[in-house]
Every structure is written in C-alpha cells, then in structure tokens.
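Since the structure comes first, as structure tokens, the remarks are kept for the end.
The values are calculated or read from the model by the stated rules, or taken from the named source; none is laboratory data. Not measured: the values here are computed from a predicted model. As a convention, Cβ positions derive from the backbone with ideal geometry for all residues, glycine included, and neighbour counts pool all protein chains shown. Side chains are part of the model used for accessible areas, which takes the heavy atoms of the whole protein and leaves out ligands, DNA and RNA. Shrake-Rupley method; radii C 1.70, N 1.55, O 1.52, S 1.80 Å.
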Amino acid sequence: MFKKYQLRSYNFRLVILLIVTSVYGIAVINSADSSYTIKQCAGLLLSLFVMIVVSLIDYNWLLRFYWIMYALNFVLLVLVLALGSESKGAQRWINIGGFRFQPSELTKILLIMFTAKLISLYKDRLNTARFLIVLAVLLLVPIALILMQPNLSTTILLALILFTIIFCAGLSYRIMGIALLCIVPVTIILGIYISNPNQKLLKDYQRNRIMTFFEPENNEDGAYQQKYSVQAIGSGQLSGKGLNNDDPSSLNNAHYIAEGHTDFIFAVMGEELGFIGCCMAILLLSWIVIECIIAAVRAKDFAGRLICCGVAAQIGFQSALNIAVATQLLPNTGQPLPFFSYGLTSLVSAYISMGVVLNVSLQRNVERDDEIFADDFRG
C-alpha cells in the first residue's frame with residue numbers, strides 16, 4: 001500500500017501550484033460572498049490533507065480494487081436516486097451528518113481509475129468490437145444514473161473524459177471515424193427533437209437552458225445569468241474594479257451575478273480583477289493540466305499514463321465548460337470552475353484526483369514497463 005519514496009521525486013511544484021490556485025479562488029469567493037470563505041478555507045485544508053495521504057498510496061495497489069470502485073460508485077449513485085435530497089429541480093446530493101455530498105463529483109476519479117485499469121488489462125483487445133461493447137455498457141451504467149438525477153452537464157463531461165482516456169490508450173482512427181459518422185447525425189436528430197416543446201427527453205429547465213442559448217430574445221428571464229455574466233466580465237476591462245470594492249456600478253455588489261461564488265465565479269473574477277485576472281486563472285489551470293500531461297509522459301506503466309490523461313481531461317474540459325458558460329459561448333451547464341468555485345465535494349474530489357497524479361509522478365524514477373514505449377494500437 002505505502003512505499004518508500006524519495007523526497008526529491010515528489011512534485012512540490014504541482015502542490016504549490018494547486019495551493020496558489022485555491023488561495024486565488026478563496027480570495028474571489030470572499031469578494032463574491034464572504035459567508036462562504038471560512039467553509040472554503042476549511043475545505044482547502046481538508047483537501048490538502050486528503051491529497052497528501054492519497055499521493056503516498058501506491059496507485060497500483062488502489063487499482064487492485066477497481067471492481068470495488070465501480071461497485072461503490074454504482075451504490076452511491078443509486079442511493080442518490082433513492083434517498084438523495086432535491087434542490088433546484090435536481091436530485092444530486094446525499095445528506096451525511098449535516099453535510100451534503102455529491103457522489104457524481106467522486107464518480108469522475110473513480111471512473112477514470114476503473115477505465116484506466118480495465119484498458120491496461122486488455123489493451124491488446126482495445127480495437128475489437130467485443131471489448132468496446134463491453135466497455136461501453138460498463139461505462140454507460142453510471143453515466144445513465146447521473147443523467148437520471150438529472151445532471152446533463154456532468155454526463156457530458158464524463159463522456160469527454162472517458163473518450164480522452166480511450167483515445168490516449170490507442171483507439172483506432174478508423175473506429176473514431178465510424179463513431180463520428182454515427183454521432184453527428186444522431187446529434188442533429190436529437191437537436192431537432194429537443195427543440196420541440198413537447199419533447200420528453202430532457203427536463204423543462206434543461207431544454208429551456210439550451211433554447212435560451214439559441215433564442216435569448218425569446219426568453220429574457222432564462223438568459224439573465226449569462227447576460228449579466230458577460231456584462232460583468234466586460235466591465236472589468238484590463239485590471240478590474242478590485243476585490244471587495246464598493247463601486248456602485250458593480251454588478252456583483254448589486255447581486256446581479258447569480259451563483260457568483262460557484263458556477264459564475266469567473267464573472268466575478270472578470271469584473272473585479274479584469275482581463276489580467278482572468279488570464280492568470282486560465283494560465284494556472286492550464287499549468288495544472290500540463291503538469292498532469294508531464295506526469296503521464298513520465299509514468300512508469302500504461303495504467304498510470306491513462307490515469308494522468310484522464311485527470312488532465314477532467315480539469316481541462318471542466319474549466320473550458322465553465323468559462324464558456326460564463327462568456328456565453330455555451331448554454332448554461334452548471335459546472336464549477338475547478339479549484340476556484342465554492343463547493344467542498346468538488347474541491348475534495350479534485351484534490352483526490354491530483355493526489356493520484358502525484359503518486360504516479362512520484363514513481364516516475366522506477367523502471368518503466370516496455371509498453372510505455374511500444375508502438376500504439378491505432379490501425
């Protein structure tokens with residue numbers, strides 16, 4: 001379980017980067033709504049402790065229990081549907097001792113590790129129809145349970161993460177081409193069906209978010225979140241109005257930015273820290289993704305490489321989705337900005353992911369398996 005590691009092999013650069021990013025996030029949360037500051041600080045301390053513990057546990061030892069991870073994830077998602085608490089039309093949380101826990105956040109790292117282990121065991125069968133069908137069925141079960149909550153944004157994010165892992169494992173370009181030929185027409189048909197007011201596939205609020213994005217003039221009430229988000233970011237100009245400012249023209253001070261401490265924290269950042277502040281946040285998140293990719297390249301085995309690729313996709317895609325929503329480039333999805341948005345479950349889960357990456361990086365000096373340098377399986 002625990003190995004003797006050389007201290008010089010520990011990626012302190014990544015740890016410092018994560019702390020700087022999270023402290024930056026706490027400063028913006030404090031400006032958006034100071035009532036959440038203490039909780040986020042406590043969450044950061046807990047997250048750091050959990051990350052350090054996880055980083056010292058051999059990830060290959062953890063991967064021995066990949067079926068237990070899958071079963072645990074399945075049970076938690078079923079419990080959400082059976083006993084979970086509802087908020088804003090969605091049933092995504094479980095109340096434990098006065099705390100609300102969102103299992104779909106933990107699903108991200110559990111499915112990343114499960115998929116990485118399964119593919120590493122059967123990598124020579126990756127491009128066979130039988131294996132891909134079995135893999136698809138196994139992964140669609142938890143994804144379907146999340147979609148039923150309903151949680152469309154996390155469903156889409158998980159699909160992107162898992163596809164990235166399979167692609168990095170060496171999925172054939174021919175198979176990807178066939179998949180795209182199927183996905184594009186299906187997406188068009190679904191889009192046409194969803195535009196029908198009588199459709200039964202999505203909840204009303206989910207459909208309204210999508211239709212509001214394409215037809216904002218027909219639903220001003222539904223478009224106000226992104227409308228004011230864009231205005232706030234634009235009003236910050238180059239350097240912003242300053243954190244905790246008392247500017248009467250501030251949309252944040254006037255409470256026009258909904259969920260400013262969570263989903264729309266990028267809007268608060270844009271208004272109060274300006275273009276420079278937003279660029280710093282994007283740079284920090286990009287740096288974290290790059291560190292994950294470096295860990296993947298240096299990983300001692302195939303499973304470790306896939307885990308790091310999956311975590312890189314998790315941070316990268318989730319950040320891109322959040323920022324795209326805040327800047328009105330995508331419909332409102334409700335995804336938090338990693339390490340910045342308030343949310344203890346999201347923060348702890350992200351740090352667990354980084355703990356696994358740190359352990360993969362910690363073992364980079366161990367003799368690597370030959371598979372890392374073998375030809376890939378793309379046909």
Check: Tell me, which residue of the range 241-300 that is part of a helix (DSSP H, G or I), open to solvent by less than 60 Å² (accessible area, probe 1.4 Å) and not hydrophobic (A, V, I, L, M, F, W, C) is farthest from residue 332 (Cα to Cα)?
Finding: 291
Item checked: Qualifying residue in the range 223-231 (condition: more than 24 Å from residue 315 (Cβ to Cβ), among the aromatic types (Phe, Trp, Tyr) and within 27 Å of the chain's Cα centre (by Cα)) -> yes
Check: Among the residues of the range 321-333, is any modelled with pLDDT under 95 and at positive phi?
Finding: yes
Next item on the list: Answer yes or no: is there a residue in the range 110-130 that is in contact with a strand residue (DSSP E or B) (Cβ under 7 Å, 6 or more places away or on another chain) and of a type outside the set (Val, Ile, Thr).
Entry: no
Check: Do the conditions hold for residue 324, that is, is it free of Cβ contacts under 8 Å to residues at least 12 places away in the same chain, assigned to a helix (DSSP H, G or I) and closer than 25 Å to residue 263 by Cβ?
Finding: yes
Note to self: I'm trying to understand the selection: among the residues of the range 315-339, which are touching a helix residue (DSSP H, G or I) at 6+ places or on another chain (Cβ under 7 Å) and either more than 19 Å from residue 155 (Cβ to Cβ) or among the acidic types (Asp, Glu) (or both)?
What the structure shows: 323, 326, 327, 328, 339
Checklist line | Selected residue (criterion: nearest to residue 67 (Cα to Cα)) from residues of the range 94-132 that are loosely packed, with under 15 Cβ neighbours inside 10 Å and of a type in the set (A, V, I, L, M, F, W, C) | finding: 121
Checklist line | Of the criteria (1) open to solvent by less than 80 Å² (accessible area, probe 1.4 Å); (2) modelled with pLDDT under 95, which one residue 166 fails | finding: (2)
Notebook entry, point to check: (1) open to solvent by less than 60 Å² (accessible area, probe 1.4 Å); (2) touching a residue at least 24 places away in the same chain (Cβ under 8 Å): which one isn't true of residue 177, the others all being true?
Noted result: (2)
Item checked: Among (1) touching a residue at least 24 places away in the same chain (Cβ under 8 Å); (2) surrounded by fewer than 20 Cβ atoms within 10 Å (Cβ to Cβ); (3) closer than 29 Å to residue 142 by Cβ - the single one residue 64 does not satisfy -> (1)
Notebook entry, point to check: residue 153 passes all but one of (1) over 21 Å from the mean Cα position of the chain (by Cα); (2) surrounded by 13 or more Cβ atoms within 10 Å (Cβ to Cβ); (3) in a helix (DSSP H, G or I); which number fails?
Noted result: (1)
Check: Within the range 210-240, which residues are at pLDDT 85 or above, of a type outside the set (A, V, I, L, M) and open to solvent by 60 Å² or more (accessible area, probe 1.4 Å)?
Finding: 227, 231, 237, 239
Notebook entry, point to check: Tell me, which strands (runs of 3 or more DSSP E) wholly within the range 59-113 include 2 or more residues that are under 19 Å from the mean Cα position of the chain (by Cα), among the hydrophobic types (A, V, I, L, M, F, W, C) and modelled with pLDDT under 90?
Noted result: 90-96
